[in-house]
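Structure, as structure tokens:
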Amino acid sequence: MRLMTHNMLSCNIKGVTNGFPLKIEAEKVIEKEVDFNPDFLRHMFAKIEWKDLVEAARSLGYAELPEDSPDATVIESAADESLLKKLHHALLELHLEEGALVCPETGRKFPVNKGIPNMLLHEDEA
């Protein structure tokens, strides 16, 4: 599972009001090379919860993203491609292969197997 996917998932258990961001418990992380596309990253930047992305990346062992969100003008300019490459690596090349996503409110663990998160709810949670 890519961190881009993680950044858009939340816990949908009935009654949960604070289901984002899901915490990551990583057992196995892999890197898969993906072609660098700066235009795609610039488009996605506005949709990303930066603080949560940084925390998720660190939970996978990647600490190269700056703590504070860069200004959108920095992302839009072609001048700082090194930041875009770090963002690219975090969002698209790091994969949670095995582990769990944990609801911040209930502590419910959603398993991740072979890179696929199982977000199905139990009958009493829907």
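The values are calculated or read from the model by the stated rules, or taken from the named source; none is laboratory data. Here the structure is a predicted model, which means the values were calculated and not measured. Positions of Cβ are generated from backbone atoms using ideal geometry, with glycine treated the same way; all protein chains shown enter the neighbour counts. Each accessible area value is taken on the protein alone, full model and side chains, heavy atoms only, with ligands, DNA and RNA left out. Shrake-Rupley method; radii C 1.70, N 1.55, O 1.52, S 1.80 Å.
Computed from phi, the 3J(HN,Hα) profile of segment 55-60 under the Karplus parametrisation 6.51, -1.76, 1.60 (θ = phi - 60°) reads 5, 5, 4, 5, 5, 9 Hz, with x in place of Gly and Pro. Report the GluC sites (Glu not before Pro) located in segment 13-76 that are in a DSSP loop and have at most 13 other Cβ atoms inside 10 Å of their Cβ, or state none. In loop regions of segment 13-76 (DSSP not H, G, I, E or B), the sparsely surrounded GluC sites (Glu not before Pro) are GLU33, GLU67.
For the chain, the solvent-accessible area with a 1.4 angstrom probe is 56 square angstrom per residue. Would you please name the trypsin sites (Lys or Arg not before Pro) within segment 29-109 that are DSSP coil residues with at most 13 other C-beta atoms within 10 Å of their C-beta? Qualifying residues, ordered by number: LYS32, LYS47. Peptides 93-105, 11-23 ordered by packing proxy, namely the average of other Cβ atoms within 10 Å per residue, highest first: 93-105, 11-23. Solvent-accessible area of the chain (1.4 angstrom probe, protein heavy atoms only): carbon and sulfur portion equals 49 percent. Structure note, pairs LYS14/LYS47; LYS14/LYS85; LYS85/LYS109; LYS23/LYS86: Cα-Cα distances above 27 angstrom occur for LYS14/LYS85; LYS85/LYS109.
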